[in-house]
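The structure under discussion appears below in the form of C-alpha cells.
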Amino acid sequence: MGLLDQMEQNFREKLNSLLAYFSRQSHMKLLTLGYLMVAVIFGLDYATGVELTFSIFYLIPIFFVAWFVGKAAGAVISLMSAAAWLLADVLASPSHLHPIFSTWNTLGIFGFFLLFTFLLAGLQEAVQREKRMARKIQLGLLPRQVPQIPGYEIATAWQPADTVAGDYFDVLPLNEHALGLCIADVSGHGLPAALLMSNLQAAVKLLAAHNTDPAALCKKLNRLVCGNVADGNFITFFYALLDTESRSLVYVNAGHNQPILLHRDGTWTRLDLGGIPLGLEANRQYQTGEIRLAAGDRLVLFTDGLIECTSFKEQAFGEQRLLHLLREHRQLDAAGLKERVIRAAAEFCQSRYSDDLTLVVLAVV
C-alpha cells in the first residue's frame with residue numbers, strides 16, 4: 001500500500017470513528033453544539049464587517065444538525081443561521097441597505113439553507129434505509145437459533161457499533177457428534193467490513209465439515225481472503241471443532257483475541273495456537289491446538305469490542321476485568337454468564353460502543 005493510500009485509509013477510519021462518535025450522542029448535546037457553531041460563525045461574521053461574509057460557513061452547523069438530529073432540527077438551525085446572518089449584516093452597517101432589501105436577502109438565504117437541509121435530510125434517510133436493509137440481510141446470515149446439544153449449553157451475543165457490523169460468529173452442527181464454533185472480526189467498520197464478513201461466512205459454511213482439520217480450513221480461508229481483500233485489511237479468526245462425545249476441542253486461532261477456557265476451580269487456559277490473521281500472507285501455515293473439556297468448564301469467545309469498550313474516563317474494559325468477572329460468576333450457565341458479561345460491559349461504557357461486540361459462551365454441563 002502506497003503512502004497516499006495509507007493516508008487516505010487512515011483519514012477514512014478517523015472520519016468514520018468521528019461520525020460514529022457523534023451518532024452515539026444525545027440530540028440535546030448535538031443541538032447545543034449546533035447552536036454554539038452558529039454563535040461562533042455569527043461572531044466572526046460580525047467582526048469582519050460587510051467586506052467579508054461568512055454566510056457559507058453557516059452550512060456547517062446546518063449539515064451537522066440535519067445529519068445527526070433530523071430534518072426538523074435542521075430547519076430550526078437554518079432559521080437561526082439566516083437570522084444570525086441578518087443581524088451581523090445590520091450591526092456591521094446599520095444604514096447599508098433599505099430594510100426591504102435586507103429582508104429579501106434574508107429570505108433568500110433562509111430558502112437556500114432550508115433547501116440544503118431538506119436535500120441533506122433526504123440523503124440521510126436514504127443512507128439509513130440502505131443500512132437497515134443491509135442489517136436485515138446480515139442478521140439473516142447469522143444463526144437464527146443457536147443449536148443446543150446434550151451435555152453442553154451455548155449462548156451468544158452480537159452488538160454492532162453501527163447499523164451493520166464486521167463481527168461474525170457461527171455455531172455449525174456438522175453431524176450428531178461434531179460441532180463447529182467460530183468467531184471473527186474484520187478490520188474496519190460499516191458496510192465494507194460487513195460485506196467482507198458476509199463473504200467469510202459463506203466460505204466457512206462451504207468449507208467446514210466434521211472431518212476438516214481446523215488448520216487446513218484456516219489455510220484455505222486465508223488464500224480466499226488474500227485474493228479478495230484490499231491491501232491493509234485483514235480478518236482475525238478463531239475456529240474450533242468440538243467432538244461432543246470425547247469432549248475434545250481442536251482449534252486454530254488466526255490472530256484473534258485468545259478465547260478463555262475457565263475451569264470449575266477458577267483456573268483458566270488461553271487458546272492461542274494458530275497463526276497470523278487472514279488476508280496478510282497467502283501462503284502462511286497454521287497450527288492447531290487441542291484441549292479436553294470437563295464438566296463445569298466455560299469456554300468464552302469474544303471480539304475486541306468487548307475488552308476495548310471505554311468508560312467516560314477513557315478507561316478500557318480490559319481482559320483482566322473480563323477474567324475477574326468470569327471467575328466470579330463461573331457457576332452460572334451459558335445464558336446467565338453471557339448476560340452478566342454483556343450487562344457489565346454496557347454499564348461500563350454506558351452502552352456507547354465504539355466497536356462491534358460479539359460474545360459466544362460454551363458451558364460444559
- Given the conditions (1) within 21 Å of L123 (Cβ to Cβ); (2) in contact with a Ser or Thr (Cβ under 9 Å, 6 or more places away or on another chain); (3) of a type in the set (A, V, I, L, M), and given that A82 satisfies all but one, which numbered condition is not satisfied? (1)
- Message: Among the residues of region 282-317, what is the count of those that are within 28 Å of M197 (Cα to Cα) and over 18 Å from the mean Cα position of the chain (by Cα)?
- Response: 13
- Within region 60-69, can you find the residues that are open to solvent by less than 20 Å² (accessible area, probe 1.4 Å) and farther than 12 Å from L33 by Cα? A66
- Message: Looking at region 285-303 only, could you name the residues that are open to solvent by 20 Å² or more (accessible area, probe 1.4 Å) and assigned to a loop (DSSP other than H, G, I, E, B)?
- Response: Q285, Y286, Q287, T288, A294, A295
- Note on the structure: Counting only helices (runs of 4 or more DSSP H) entirely within region 1-86, those with at least 2 residues that are at pLDDT 90 or above, hydrophobic (A, V, I, L, M, F, W, C) and in contact with a Phe, Trp or Tyr (Cβ under 8 Å, 6 or more places away or on another chain) are 27-47, 59-68
- Item | Verdict on R327 being of a type in the set (K, R), part of a helix (DSSP H, G or I) and either within 20 Å of the chain's Cα centre (by Cα) or more than 18 Å from V171 (Cβ to Cβ) (or both) | yes
- Note on the structure: Within region 203-215, the count of residues that are surrounded by fewer than 23 Cβ atoms within 10 Å (Cβ to Cβ) and in contact (Cβ under 8 Å) with a residue 60 or more places away in the chain comes to 2
- Task: Go through region 244-284 and give me each residue that's buried (at least 16 other Cβ atoms within 10 Å of the Cβ), touching a helix residue (DSSP H, G or I) at 6+ places or on another chain (Cβ under 8 Å) and not β-branched (V, I, T).
- Result: Y251, A254, N257, L262, W268, G274, G275, L278, G279, L280, R284
- Quick count over region 217-243, residues being surrounded by fewer than 19 Cβ atoms within 10 Å (Cβ to Cβ) and either without any contact (Cβ under 8 Å) to a residue 12 or more places away in the chain or not in a helix (DSSP H, G or I) (or both), is 4
- Message: As an exercise: evaluate L306 against (1) part of a helix (DSSP H, G or I); (2) open to solvent by 40 Å² or more (accessible area, probe 1.4 Å) and give the number of the one condition it does not meet.
- Response: (2)
- Within the set of pairs 6+ apart or on separate chains, which have a first residue in region 123-134 that is within 15 Å of V69 (Cβ to Cβ), a second that is open to solvent by less than 90 Å² (accessible area, probe 1.4 Å), and C-beta atoms under 7 Å apart? Q124/W67
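So which residues in region 167-202 are in a strand (DSSP E or B) and open to solvent by 40 Å² or more (accessible area, probe 1.4 Å), if there are any at all? Give the steps one after another, and end with the answer.
Of region 167-202, the ones in a strand (DSSP E or B) are 167-175, 178-186.
The answer is P173, L174, N175.
The values are calculated or read from the model by the stated rules, or taken from the named source; none is laboratory data. Note that the coordinates shown come from a computational prediction; the quantities given were computed from them, not determined experimentally. Cβ atoms come from the backbone with ideal geometry, glycine included; neighbour counts cover every protein chain shown. In case anyone asks, the SASA skips ligands and DNA or RNA and just uses the protein heavy atoms, side chains included. Shrake-Rupley method; radii C 1.70, N 1.55, O 1.52, S 1.80 Å.
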